[in-house]
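In what follows, a single structure is set out as structure tokens and then discussed.
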Amino acid sequence: MTPADSMKNSPLGKTTEYPTQYDPSLLYAIERIPMREKLGISGSLPFFGLDFWNAYELSWLNLRGKPQVAIMSFNVSADSPRIVESKSLKLYLNSFSQTRMDETADLIDIVRNDLGNAFGSPVQVSLKLPSDFMETEIRELDGLLLDRLDIGTDIYSPDPSLLRSNRKEAPVEETLVSHLLKTNCPVTGQPDWASLQIHYVGPQIDQEGLLKYIISLRSSSEFHEQCVERIFLDILKSCKPQNLTVYARYTRRGGIDINPWRSNFTSGKRPQLIRTSRQ
């Protein structure tokens, strides 16, 4: 089944009405297994991780009818059985816009429960209220910038053969960053843009080849989560690092950004939960 087939009942890519009264049925879940089978994943996952979501267009009414706004953040484990299509999340959150709530904690509880049911796994939810907006810091991902390299390429379809590593030398530990990741929505064809961070321990990865590989994804059509898992698997197979982490900070679409993080080792540090310049 293609992504387009699995999404035929989704609101994505269709003219849509925006309900303004709370409606959890608007959430549209997609099974992870078919996407992972396309990547050759079966059985135990070769990584663990989290998907970090931020929603910047959340509003509801207090009991006196006054609008409230907040930035909602939530994360869900990579081993959840399902993802949620982002436009359906936008519609779901918009359904609170004329819904009266007594306490912010009540809203968090409702959202946590609804998203947990949709993802099939516990979801951690938090809200940042306007009084805390000033705390939001814009930063960039740590690491050596691959984009500094003066390369030429004409490969714009996924090509893991571009990935190479030097297995004759001692292992290294590096963190590499690129802002040149671009893929496309598998249903609408709309572009998805991201900054990518790769941290590894193992044979030194050829940086020019890695940058060309990242660029080669430019015409691919995958959901954010699937794209990051593809990158993780391709690097793991082609470059043979002992430890590998792949993290993408995607630009927002429809007021929502999704930031998948995948790793096969515990470094003792969580990924940088930052807002980048392009987000």
Inset, instruction - Output the number of the condition that A170 fails; it satisfies all remaining conditions of (1) in a loop (DSSP other than H, G, I, E, B); (2) modelled with pLDDT of 95 or more. - result: (2)
Legend entry - Residues of the range 121-145 satisfying the condition of being in contact with a Ser or Thr (Cβ under 7 Å, 6 or more places away or on another chain) and among the polar types (S, T, N, Q): S121, S126
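Of the residues I33, I41, I71, which single one is closer than 20 Å to E222 by Cβ and either modelled with pLDDT under 95 or open to solvent by less than 50 Å² (accessible area, probe 1.4 Å) (or both)? I'd like the intermediate steps shown before the answer.
Values: I33 fails: either modelled with pLDDT under 95 or open to solvent by less than 50 Å² (accessible area, probe 1.4 Å) (or both); I71 fails: closer than 20 Å to E222 by Cβ.
Testing whether each residue is closer than 20 Å to E222 by Cβ and either modelled with pLDDT under 95 or open to solvent by less than 50 Å² (accessible area, probe 1.4 Å) (or both) leaves just I41.
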Inset, instruction - Report yes if S42 is free of Cβ contacts under 8 Å to residues at least 24 places away in the same chain and assigned to a helix (DSSP H, G or I), otherwise no. - result: no
Legend entry - Scope the range 146-167; condition surrounded by 15 or more Cβ atoms within 10 Å (Cβ to Cβ) and not in a loop (DSSP other than H, G, I, E, B); matching residues: L146, P160, L162, S165
Legend entry - Condition met for L176 (open to solvent by 40 Å² or more (accessible area, probe 1.4 Å) and outside any loop (DSSP other than H, G, I, E, B)): no
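Looking at the range 89-143, which of the residues that are assigned to a strand (DSSP E or B) and in contact (Cβ under 8 Å) with a residue 60 or more places away in the chain is surrounded by the most Cβ atoms within 10 Å (Cβ to Cβ)?
In the first step, residues of the range 89-143 are kept if they are assigned to a strand (DSSP E or B); the result is 100, 123-128, 138.
The next check asks that each one be in contact (Cβ under 8 Å) with a residue 60 or more places away in the chain; those that pass are 127, 138.
Numbers: L127: 19, I138: 10.
This residue is L127.
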Legend entry - Condition broken by W193, with the remaining ones in (1) in contact with an Asp or Glu (Cβ under 7 Å, 6 or more places away or on another chain); (2) open to solvent by 20 Å² or more (accessible area, probe 1.4 Å); (3) closer than 26 Å to I30 by Cα satisfied: (1)
Legend entry - Those residues of the range 179-201 which are out of contact with any strand residue (DSSP E or B) (no Cβ under 7 Å at 6 or more places or on another chain) and in a strand (DSSP E or B), in sequence order: L180
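Among the residues of the range 250-257, is any farther than 27 Å from S80 by Cα, open to solvent by 30 Å² or more (accessible area, probe 1.4 Å) and assigned to a loop (DSSP other than H, G, I, E, B)? Working first, answer last.
First, the residues of the range 250-257 that are farther than 27 Å from S80 by Cα: none.
Checking the range 250-257: not a single residue is farther than 27 Å from S80 by Cα, open to solvent by 30 Å² or more (accessible area, probe 1.4 Å) and assigned to a loop (DSSP other than H, G, I, E, B).
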Legend entry - Checking L210 against (1) open to solvent by less than 50 Å² (accessible area, probe 1.4 Å); (2) in contact with a Ser or Thr (Cβ under 9 Å, 6 or more places away or on another chain); (3) farther than 25 Å from F265 by Cβ; (4) at pLDDT 95 or above, the condition it does not meet: (3)
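The values are calculated or read from the model by the stated rules, or taken from the named source; none is laboratory data. Computed from a predicted model, the values in this text were never measured in an experiment. Cβ atoms come from the backbone with ideal geometry, glycine included; neighbour counts cover every protein chain shown. Heavy atoms of the whole protein, side chains included, go into the accessibility calculation; ligands, DNA and RNA do not. Shrake-Rupley method; radii C 1.70, N 1.55, O 1.52, S 1.80 Å.
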